[in-house]
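*Asks:* Would you mind keeping the following structure in view while I ask a few things?
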Amino acid sequence: MIIRALDGVEARAAVPALSGILMDCVAGGASVSFMADLAPAEAEAFWHGVAADVAGGGRALLVAQDEGRLLGTVQVILAMPPNQPHRGEIAKMLVHRDGRRRGLGAALMGAAEDAARAAGKRLLTLDTVTDGDGHRLYRRLGWQVAGTIPDYALGPEGGPCPTTFMWKRIS
Ligand SMILES: CC(C)(COP(=O)(O)OP(=O)(O)OC[C@H]1O[C@@H](n2cnc3c(N)ncnc32)[C@H](O)[C@@H]1OP(=O)(O)O)[C@@H](O)C(=O)NCCC(=O)NCCS
């Protein structure tokens, strides 16, 4: 298993594989911005936007690759308002169901924290479905809970989900 950062050109080339991971996660019930009717074109449009932001330096994109196949990904949003240059935000931590429970999520987060540190970040934040697989992963990796908001987002089938906001110092 290899974890690596993609540049903008590599990210654009990886759009079909990244879309496949996103669609698999949504089909598996993950509440990650999209609804169950997510179409391949909508998923690809999302990843093209991410690739453009990577090319512009606004975010870091990391992937987990096993024997050439992309199985997981996470982003660090680096572009922040002028009064928060030290903060980064973790987004779209996604591992294909074929690759779960083998440590990819933990390895991706380790690499994301390294990338954030290298970009001068000292504080990371994220939000995640309360008591979901991500919430458990982040707690295990030392993230602190800031608080929970009920009914913050919808699951892919439309039911409301509580969301927990978390933070971690990485300096
Ligand atoms: C959350 C998510 C990224 C975790 O990815 P993952 O690769 O399965 O994460 P890990 O393998 O590091 O850890 C998952 C579990 O596997 C266990 N595990 C890790 N390596 C293992 C191994 N070699 N053998 C057995 N179990 C293992 C971990 O202890 C952990 O157990 P727990 O959930 O009971 O605490 C993944 O479930 C996912 O993509 N979910 C859908 C999208 C989503 O909700 N993302 C979060 C958005 S905020």
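*Asks:* In a shell of Cβ-Cβ distance under 12 Å around Thr130, excluding Thr130 itself, what net charge do Lys and Arg (+1) and Asp and Glu (-1) give? Show your work: numbers first, answer last.
*Replies:* Numbers: positive: Arg136, Arg139; negative: Asp127, Asp131, Asp133, Asp151.
Local charge sum for Thr130: -2.
*Asks:* Quote the charge dipole size of region 2-169 about the Cα centre in Debye, to the nearest 20; the model charges only the Cβ of Lys and Arg (+1) and of Asp and Glu (-1). Write down the numbers at each step before the final one.
*Replies:* Numbers: 18 positive and 18 negative charges, 163 e Å.
Here region 2-169 has a charge dipole of around 780 debye.
*Asks:* If you stretched the chain out fully between Leu154 and Ala27, how much longer would it get, using 0.36 nm times the residue separation minus the C-alpha to C-alpha distance?
*Replies:* Stretched out fully, the Leu154 to Ala27 stretch lengthens by 44.3 nm.
*Asks:* Over the chain, what lengths in whole Å, largest first, do the semi-axes of the equivalent ellipsoid take, defined as the square roots of 5 times the eigenvalues of the alpha-carbon gyration tensor?
*Replies:* Working: eigenvalues 91, 87, 51 Å².
Its equivalent ellipsoid spans semi-axes of 21, 21, 16 Å.
*Asks:* Quick check on packing: order 90-96, 40-46 by the mean number of other C-beta atoms within 10 Å, highest mean leading. All intermediate terms of the calculation are to be shown ahead of the outcome.
*Replies:* On the way: 90-96: 22.6, 40-46: 14.6.
Ranked from most to least packed, the peptides come out as 90-96, 40-46.
*Asks:* If you don't mind, another one. So how much slack lies between Asn83 and His48, counting 0.36 nm per residue of separation and subtracting their Cα-Cα distance, in nm? List each step's numbers first, then the result.
*Replies:* Values: separation 35, 0.36 × 35 = 12.60 nm, distance 2.82 nm.
Computed gain between Asn83 and His48 is 9.8 nm.
*Asks:* If I take every Cα pair under 8 Å that is 6 or more residues apart in region 2-169, average their sequence separation and divide by the length, what percent do I get for the relative contact order?
*Replies:* 22
*Asks:* A further question on this structure: If packing is taken as the average number of other Cβ atoms within 10 Å across a peptide's residues, how do 111-123, 146-158 rank, most packed first?
*Replies:* Packing order, densest peptide first, comes out as 111-123, 146-158.
*Asks:* Rounded to the nearest 0.05, what FRET efficiency do Ala36 and Glu10 have when you use their Cβ-Cβ distance and R0 = 41 Å?
*Replies:* Numbers: r = 29 Å, r/R0 = 0.72.
E(calc), rounded to 0.05, equals 0.90.
Every number here is computed from the coordinates shown, using simple stated rules; none is lab data. Keep in mind that this is a model prediction, so the values were computed, not measured. Cβ sites come from the backbone with ideal geometry, for glycine too, and all protein chains shown count toward neighbours.
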